[in-house]
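Input: a single structure, listed below in structure tokens.
The values are calculated or read from the model by the stated rules, or taken from the named source; none is laboratory data. From a predicted model like this one, the values you see are computed outputs, not experimental measurements. Note that we place each Cβ from the backbone using ideal geometry, even for glycine, and neighbour counts take in every protein chain shown.
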Number of protein chains: 2
Amino acid sequence: MTEPPSTAAISHEELQLAARNHAMPLEALRWDVTPIGLHYLLTHYDVPMLDPSAFRLEVDGHVERPLSLGIDDLRMRETVTSTVTMECAGNGRAGLAPRPVSQPWLLEAVGTGEWTGTPLRGLLADAGIRDGAVEVVFEGADRGVEGGEAQAYARSLPLADALAPEVLLAWGLNGHVLPPQHGFPLRLLVPGWYGMTSVKWLTRITVTTVPFTGYQNQESYRIRRDEDDPGVPVTRIAPRALMVPPGVPDFMTRRRFLPEGRVTVEGRAWSGRAPVVAVELGVDGEWIPARLERASGPFAWRRWTAEWDAAAGEHELSCRCRDEAGGEQPLEASWNVGGYANNAVQRVAVTVGGPA
Amino acid sequence: MTEPPSTAAISHEELQLAARNHAMPLEALRWDVTPIGLHYLLTHYDVPMLDPSAFRLEVDGHVERPLSLGIDDLRMRETVTSTVTMECAGNGRAGLAPRPVSQPWLLEAVGTGEWTGTPLRGLLADAGIRDGAVEVVFEGADRGVEGGEAQAYARSLPLADALAPEVLLAWGLNGHVLPPQHGFPLRLLVPGWYGMTSVKWLTRITVTTVPFTGYQNQESYRIRRDEDDPGVPVTRIAPRALMVPPGVPDFMTRRRFLPEGRVTVEGRAWSGRAPVVAVELGVDGEWIPARLERASGPFAWRRWTAEWDAAAGEHELSCRCRDEAGGEQPLEASWNVGGYANNAVQRVAVTVGGPA
């Protein structure tokens, strides 16, 4: 009943990426804050091993007073902790046909962290943004080759978005020092935006008077209909609901088995564009409303539950959400060259009354 | 120069497993103790969410005094911390041709933890092993379907191996409470053995008078020449050296680029059978000895380094180790049905003087 996301086989290069870049197993949707090690990870190049005592963050460009700060300087500033859901822009890519060749995410490139850091806008105010500034560029310590260009990972934000009060420079995750793979010792955190925005291993912040033309803004992370389309930038997270696949899995096929009877199906739903206001559980194509719980913050996912009287046989479960801005999830994926922002509904094949 | 491990394309089912089961990116070989979240993970079924206050460990079977213990009972016992390298028995599987269909590991299913717990043999002594006992069966709380059988994950050890002083019941990792994905609240840890032995989410220990015939011992985790071969059990970790791929990667191909000149190539080497006594770095097929550093414990990997004068052009680096028992790594993989214990040498394609 449920078809694999794509019938085309995965290449060796895609497998190399899938092995490096960790998805969040969907049963981890049970945790409101994703345990360290289960949050998704996408690393373009290598995880660098940085010495925090030698670390400096430079703030320069179109500012009155360029700054150079160590980690201790940052930790003495105003400190906040926010619960934020982050999702990779490529989540759902492997569900597209033809499948864009890159990190082949199925549906699990998501996670929620309790991030601790200092608001970016306070730092920018100290540096003094000069008239005529339009963007802020964030550069990480991770280097590699992409699209034939050697580069440090770098992304820009429009100035107004960089000044949003929720944007943090973070040094902590879930009450611990930031793990290396999440950007130790310092990362950007832009709540509501896809994860590529939240530059890890952050070492330089540059205020500019012209739009940034670096690879990750100009070439990558754009929604393009075809190779000739300049496209539009990938920005905020589209609405999505996911469920914990009920019952128990078959090791190899991951098909789910559960006994007959009433079962509570649970999951999480989020949108970076507006609060999630409704979730529905689909049972063999019929939609029933789910109960929604409060979120742990304006940028955190919401838990949802729905009761299902599971009768013996084969079933397909699905779920979808709607946000306050009217954003919904499509039943069928919308294709684009890079395979970004595919928020088509999740479908889970379930056998009720099977061997488990 | 370097060929992909297998030219056969990866199936959707293998991709589902690769997304769930986290490899350790090889640059994380730089850390002597693998940071939480970078250690490899192989979960047969789902990561369970267990309530530690309701948790009980039952010790039963062929013993004088069956025991039932909570986590606090265990924590009051003799407590030790050991640095232990763990590797999945299927590491290297994707390098076999034809590729056995299961979790498609390349080379990164490894990690080293500082595990805290109590020696198993003290607990077994308290329970009182009766004459005639031959094995100890360890059962986890994780359930699923495998080979058509509904089951809890369970594995046995011969009694003598279960009584080895290094075998622990562990509740801590790297100074933290055991993360859910590593077996919270309690797991078995059998240093030197492939990871399938170290049962996570451990809830029952049963001493038996007959060999265990459960799926994970009888059907899975055996070295078989063909489907009709009953095979021999997978036990201790075969010797392996891995390197941190030098230079920087191309995002998609993971090919490495570095400038001309002297470079220190580094990595780690381990064997569960005997101490590693030699490592060699291969440069375009010529082998040069590496320097070996001390291990953090008898079951932990050893760091190695070797200097290489990198000349412009295309090169293939490789590495291999030898243990005190004479165990070596083959240049070509040895095939078996389940794709276990493939410790053929790592090969890394490098471009010197490229775009980086």
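Things to note:
- Every residue from region B:277-309 that is polar (S, T, N, Q) and either part of a strand (DSSP E or B) or without any contact (Cβ under 8 Å) to a residue 12 or more places away in the chain (or both): B:Thr305
Residue-wise test of (1) small (Gly, Ala, Ser); (2) within 14 Å of chain A (Cβ to nearest Cβ); (3) touching a strand residue (DSSP E or B) at 6+ places or on another chain (Cβ under 9 Å); (4) buried (at least 24 other Cβ atoms within 10 Å of the Cβ).
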| residue | (1), (2), (3), (4) |
| --- | --- |
| B:Pro100 | no, yes, no, no |
| B:Val110 | no, yes, yes, yes |
| B:Pro119 | no, no, yes, no |
| B:Glu139 | no, no, yes, no |
| B:Glu146 | no, yes, yes, no |
| B:Asn174 | no, yes, yes, no |
| B:Val190 | no, no, yes, yes |
| B:Arg204 | no, no, yes, no |
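- Residues (among the basic types (Lys, Arg) and either in contact (Cβ under 8 Å) with a residue 12 or more places away in the chain or not assigned by TED's automatic domain parsing to the domain that holds B:Gly327 (or both)) located in region B:238-263: B:Arg240, B:Arg255, B:Arg256, B:Arg262
- All positions within region B:51-108 that are of a type in the set (Gly, Ala, Ser) and in contact with a Phe, Trp or Tyr (Cβ under 7 Å, 6 or more places away or on another chain): B:Gly70, B:Ser82, B:Ala89, B:Gly90, B:Gly92, B:Ala94
- Hey, A:Ala274 buried (at least 18 other Cβ atoms within 10 Å of the Cβ), of a type in the set (A, V, I, L, M), touching a residue at least 24 places away in the same chain (Cβ under 8 Å) and under 28 Å from A:Asn217 (Cα atoms) or not: no
- Set B:Ser334, B:Ser296: member being farther than 27 Å from A:His44 by Cα and at pLDDT below 95: B:Ser334
- Within region B:221-234, the residues that satisfy the criterion of being in a loop (DSSP other than H, G, I, E, B) and either surrounded by fewer than 20 Cβ atoms within 10 Å (Cβ to Cβ) or charged (D, E, K, R) (or both) are B:Arg224, B:Arg225, B:Asp226, B:Glu227, B:Asp228, B:Asp229, B:Pro230, B:Gly231.
- Inclusion of B:Val345 among residues that are buried (at least 19 other Cβ atoms within 10 Å of the Cβ), under 21 Å from the mean Cα position of the chain (by Cα) and β-branched (Val, Ile, Thr) is warranted.
- Residue satisfying condition, being modelled with pLDDT of 95 or more and farther than 20 Å from A:Gly61 by Cβ, within set A:Gly148, A:Gly192: A:Gly192
Residue-by-condition table, conditions (1) within 7 Å of another protein chain (Cβ to nearest Cβ); (2) surrounded by 15 or more Cβ atoms within 10 Å (Cβ to Cβ); (3) closer than 21 Å to A:Val190 by Cβ:
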residue	(1), (2), (3)
A:Pro35	yes, yes, no
A:Val59	no, yes, yes
A:His62	no, yes, yes
A:Thr83	no, yes, yes
A:Glu87	no, yes, yes
A:Ala97	no, no, no
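- Selection count where residues are of a type outside the set (D, E, K, R) and within 7 Å of chain A (Cβ to nearest Cβ), scope region B:21-30: 4
- Number of the exception - B:Val350 against (1) away from every other protein chain (no Cβ under 14 Å); (2) over 30 Å from B:Asn217 (Cβ atoms): (1)
- Odd one out for B:Ala164, checked against (1) outside the structural domain of B:Thr118 (by TED's automatic domain parsing); (2) surrounded by fewer than 20 Cβ atoms within 10 Å (Cβ to Cβ); (3) aliphatic (A, V, I, L, M): (1)
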